[in-house]
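Asks: I have a structure I would like to understand better, so I am pasting it below and will then ask my questions one at a time.
The values are calculated or read from the model by the stated rules, or taken from the named source; none is laboratory data. Values in this document were obtained by computation on a predicted structure and should not be read as measured data. No Cβ is skipped: glycine too gets one built from the backbone with ideal geometry, and neighbour counts run over all protein chains shown. We work out accessible area using only protein heavy atoms, side chains counted, and drop any ligands, DNA or RNA first. Shrake-Rupley method; radii C 1.70, N 1.55, O 1.52, S 1.80 Å.
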Amino acid sequence: MHVTIIGCGGFVGSHLLDRLLSRDDIYIEGWDPEADKIIHHLGNPRFTLHKTACIDAAELARVEERLVDSDVLINLAAICNPSEYNTRPLQVIRSNLFDVIPIVDMCARVNKWLMHFSTSEVYGRTLSSYLPDGDATDNPDLYELHEDSTPLIMGPVANQRWTYACAKQMIERYIYAHNSSNGLPFTIIRPLNFFGPKMDYIPRRAEDGVPRVLACFMAALLKREPMQLVDGGSARRTIVAVEEAMAAIERMLDRPANARNRTFNIGNRANEVTMRELAHAMRDVFAEISGDESYREHPIVDVSAETFYGPGYEDCDRRMPDLTQVQECLDWTPSRDLREILLPTMRDYRDRYNAEKDEQPVRAVYG
Ligand code: UGA
């Protein structure tokens, strides 16, 4: 099988390479300006890296030339960090919509299977979040996320936090339209909080920005600073091991008839936590791996979303995926619980932090 990957050097891309290159029947040609997370694959004869972004016409033409021999194009390129949605809105819209349009058009032109990484953010907020406190939170019809029937609910245009979700939704609709108009074969993946080694970076200076919650909490533990809980830490997320998520992607590649022309939630329903619960779980795991029991009481402080992310931030309250589609089509069910995910992930952060103490953080352009 020949696979083309745009954005192969980020967190998800690096784990996808680990999974697919462990087989001897898969050949990968990838594009990414960053290679730090995939250095161990650079000498592999079944992997070719073009160390550049796929934005200008000349590079896109090179991809198209190579795509003729490929079975599928996987697109992972994105700016996908919540702290940038309201602070770099133009770049977020360009990267998640306008930079992807030529890639979708190209796949339609050469009639190649496009596997596009979207986001659970396209669902926006749940219906239940608009009801008075306490009402209907036990009714799954009002919070469960079904790929083909749940309405996508976003805030007003003036609230720029929704730039990312909206751009991702638009490109999903564009792919869908190409399928219905031109028969473009596609798969859309909606990841729900993949956690694992090599995710994000530990910020060292103010200009390094704000990574996602896992790295924020890790940074606080490593630097012995308080963990910050945005708006009381009541937002809920379901956490899935990135390695298990990659097994789902491998199944899609192996069963194209079951995977094509569908959208899949990829997550783990059993690992739902509030951000406060996640902070507590991470304190306990860090006490275990560091051997320092005092981390179980590591300070946690509350901070408003406005202070943490800047004006215009609004949170997705809850993301509980319906996984019927991925179970039925691909026979995939994740099994790792939160502790099993956090232990190796937090060890990786600690080891990288200690090893890279005096270096610049790695800023991934691609998720
Ligand atoms: C992000 C992306 O926007 C999604 O596209 C992506 O699918 C998702 O990550 C993912 O990893 O799958 P989100 O879960 O909102 O979505 O991102 P995080 O930065 O990880 O934030 C999760 C929650 O933690 C939010 O409620 C945030 O306010 C909170 N948070 C974050 C804290 O309480 N403290 C922090 O220090 C950082």
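Asks: Looking at the range 65-82 only, could you name the residues that are of a type outside the set (A, V, I, L, M) and surrounded by 17 or more Cβ atoms within 10 Å (Cβ to Cβ)?
Replies: Answer for the range 65-82, where residues must be of a type outside the set (A, V, I, L, M) and surrounded by 17 or more Cβ atoms within 10 Å (Cβ to Cβ): SER70, ASN75, CYS80, ASN81, PRO82.
Asks: Under 9 Å by Cβ, and 6 or more places apart or on different chains, what pairs join a residue from the range 288-310 that is part of a helix (DSSP H, G or I) with one that is crowded, with 16+ Cβ neighbours inside 10 Å and hydroxyl-bearing (Ser, Thr, Tyr)?
Replies: Sorted first by the residue in the range 288-310, then by its partner, the pairs are GLU288/TYR295; ALA305/TYR313; GLU306/TYR313; PHE308/SER83; TYR309/SER83; TYR309/TYR85; TYR309/THR87.
Asks: In the range 247-277, how many residues are open to solvent by less than 50 Å² (accessible area, probe 1.4 Å) and away from the ligand (no atom under 13 Å from the Cβ)?
Replies: Within the range 247-277, residues that are open to solvent by less than 50 Å² (accessible area, probe 1.4 Å) and away from the ligand (no atom under 13 Å from the Cβ) number 10.
Asks: I need the full set of residues from the range 201-225 which are near the ligand (Cβ under 10 Å from one of its atoms) and open to solvent by 20 Å² or more (accessible area, probe 1.4 Å), in order please.
Replies: VAL210, ARG212, VAL213, CYS216
Asks: Out of the residues in the range 278-331 meeting the condition of being more than 26 Å from GLY209 (Cα to Cα) and β-branched (Val, Ile, Thr), tell me which one is surrounded by the most Cβ atoms within 10 Å (Cβ to Cβ).
Replies: For the range 278-331, the residue satisfying everything is VAL326.
Asks: Identify the single condition in (1) open to solvent by 30 Å² or more (accessible area, probe 1.4 Å); (2) farther than 24 Å from GLY10 by Cβ that CYS166 does not satisfy, given that it satisfies every other one.
Replies: (2)
Asks: Regarding VAL273, is this residue in a loop (DSSP other than H, G, I, E, B), within 23 Å of GLY124 (Cβ to Cβ) and not small (Gly, Ala, Ser)?
Replies: no
Asks: Additional query: Provide a single number: the residues in the range 43-62 that are part of a loop (DSSP other than H, G, I, E, B) and open to solvent by less than 80 Å² (accessible area, probe 1.4 Å). I'd like the intermediate steps shown before the answer.
Replies: Our first condition is that a residue be part of a loop (DSSP other than H, G, I, E, B); within the range 43-62, this holds for 43-46, 51-56.
Of the ones still in play, those that are also open to solvent by less than 80 Å² (accessible area, probe 1.4 Å) are 43-44, 46, 52-54.
So the answer is 6.
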